[in-house]
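In what follows, a single structure is set out as structure tokens and then discussed.
The values are calculated or read from the model by the stated rules, or taken from the named source; none is laboratory data. In this text, all values refer to a predicted model and were calculated from it rather than measured experimentally. A quick note on method: Cβ atoms are made from the backbone with ideal geometry, for glycine too, and the neighbour counts reach across all protein chains shown.
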Amino acid sequence: MADVAAAYQATQGSPLEVDRAFYDRISAAVGEDTLVEELTIPIRDARAWKVPAGHVFRIKSVDGPQVGDFNLWSAADPRERMWASRTRQLQRAHVSTYDRLWSTLPFLRPMATITHDTLADYGIDEDGGRVHDLLGTRCDPYVNKLLSGVDFDYHCHSNLTRAVAPFGLTEFDIHDVLNVFQCTGLNGRDQYFMKACPARPGDYLELFAEIDLLCALSCCPGGDLSIDLWGPDARDPLETCHPIGIEIHRIDPALLDGWKTPTRPDYRGAHGMRRPELDWTEIKRQRCC
Ligand SMILES: [Zn+2]
């Protein structure tokens with residue numbers, strides 16, 4: 001594949017640059033003695049949990065390969081939520097260690113930074129598949145009904161909707177996901193494909209909370225995606241479904257010295273609506289980048 005330069009590059013001094021040594025120290029500190037909370041997400045269901053800024057959480061394979069559909073909000077304001085498409089641009093379409101999950105406008109700040117990924121060495125396989133995908137989105141009952149004519153209540157969209165209801169959120173708050181442990185890519189016709197999940201018990205994705213977070217993850221009813229969900233060979237993949245574990249870790253504040261929760265970009269304009277003194281000719285002359 002042609003190695004064309006990325007549109008957004010983390011050059012030295014850029015806000016996209018990550019202090020890798022800092023996050024390495026954070027990840028190295030995570031252990032049994034830092035664990036403050038654990039939960040298990042049952043098959044074909046979801047759970048939501050909060051993570052205070054400066055804490056670390058792990059999404060882990062505990063019983064067998066299973067993909068998880070992950071959503072992320074600011075715990076203080078659910079209008080700020082993960083922006084999958086901008087994260088694809090600023091980071092990558094499949095994320096791993098040192099990549100960040102960015103929030104929607106007008107917030108636009110890193111919500112979480114990946115500090116460790118046991119599948120980081122998966123790289124790209126012979127079909128162009130990679131792991132931890134931001135290309136696709138959650139499965140949902142509407143597409144299911146459209147394509148199969150069947151009502152099914154345990155797609156990731158529905159699982160996530162039930163999980164966040166106690167936090168006052170609804171299905172309108174469910175957004176494009178990070179597909180954790182999911183192997184995907186684009187084929188030669190530029191079409192999305194999914195392959196069997198490569199995660200095994202013990203594998204995990206570890207993230208540092210840059211802000212106070214509300215998280216939710218669904219164990220996809222597709223299980224490890226080794227059985228076709230659509231098409232002539234489709235059948236119920238219940239036998240491939242496994243739970244996913246969550247760990248939350250409190251990090252020694254001394255290790256956070258120098259770190260502070262990110263703020264939004266200091267854009268002071270109002271999209272041109274408070275500048276009647278300027279004519280459009282002058283506005284177009286302004287430096288934009
Ligand atoms: Zn799903």
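Of all residues in the stretch 62-77, exactly one satisfies the criterion of being in a strand (DSSP E or B), away from the ligand (no atom under 16 Å from the Cβ) and among the small types (Gly, Ala, Ser), namely Ser74. Selection of the stretch 49-60 for residues being away from the ligand (no atom under 16 Å from the Cβ) and either at negative phi or of a type in the set (S, T, N, Q) (or both) yields Trp49, Lys50, Val51, Pro52, Ala53, His55, Val56, Phe57, Arg58, Lys60. Screening Phe22 on (1) over 15 Å from Gly245 (Cα atoms); (2) outside any helix (DSSP H, G or I); (3) touching a residue at least 12 places away in the same chain (Cβ under 8 Å) shows it passes everything except condition (2).
If I ask for residues that are closer than 16 Å to Val177 by Cβ and not aliphatic (A, V, I, L, M), which ones from the stretch 58-83 would you list? Matches in the stretch 58-83: Gln66, Gly68, Asp69, Phe70, Asn71, Trp73, Pro78, Arg81, Trp83. Within the stretch 136-154, the set of residues being within 13 Å of the ligand (Cβ to nearest atom) and touching a Lys or Arg at 6+ places or on another chain (Cβ under 7 Å) comprises Tyr154 only. Within the stretch 78-119, the residues that satisfy the criterion of being of a type in the set (Val, Ile, Thr) and not in a loop (DSSP other than H, G, I, E, B) are Thr87, Thr113, Ile114, Thr115. Restricting Phe208, Phe167 to residues that are more than 16 Å from the ligand (Cβ to nearest atom), aromatic (Phe, Trp, Tyr), crowded, with 23+ Cβ neighbours inside 10 Å and touching a residue at least 60 places away in the same chain (Cβ under 8 Å) narrows the list to Phe208. Every listed requirement among (1) assigned to a loop (DSSP other than H, G, I, E, B); (2) of a type in the set (Phe, Trp, Tyr); (3) modelled with pLDDT of 95 or more is met by Phe181 save one, (1). With respect to the conditions (1) assigned to a loop (DSSP other than H, G, I, E, B); (2) of a type in the set (S, T, N, Q); (3) over 17 Å from the mean Cα position of the chain (by Cα), Ser27 lacks only one, and its number is (1). The residue list Leu147, Leu207, Leu160 contains one member that is modelled with pLDDT under 95 and not in a loop (DSSP other than H, G, I, E, B), which is Leu147. Being over 17 Å from the mean Cα position of the chain (by Cα) and surrounded by 13 or more Cβ atoms within 10 Å (Cβ to Cβ): is that true of Gly13 here? Here the answer is no, as Gly13 does not meet what is asked. Check the stretch 126-137 and report whether any residue there is closer than 28 Å to Thr34 by Cβ, buried (at least 18 other Cβ atoms within 10 Å of the Cβ) and of a type in the set (Val, Ile, Thr). Taking every residue of the stretch 126-137 in turn, at least one turns out to be closer than 28 Å to Thr34 by Cβ, buried (at least 18 other Cβ atoms within 10 Å of the Cβ) and of a type in the set (Val, Ile, Thr).
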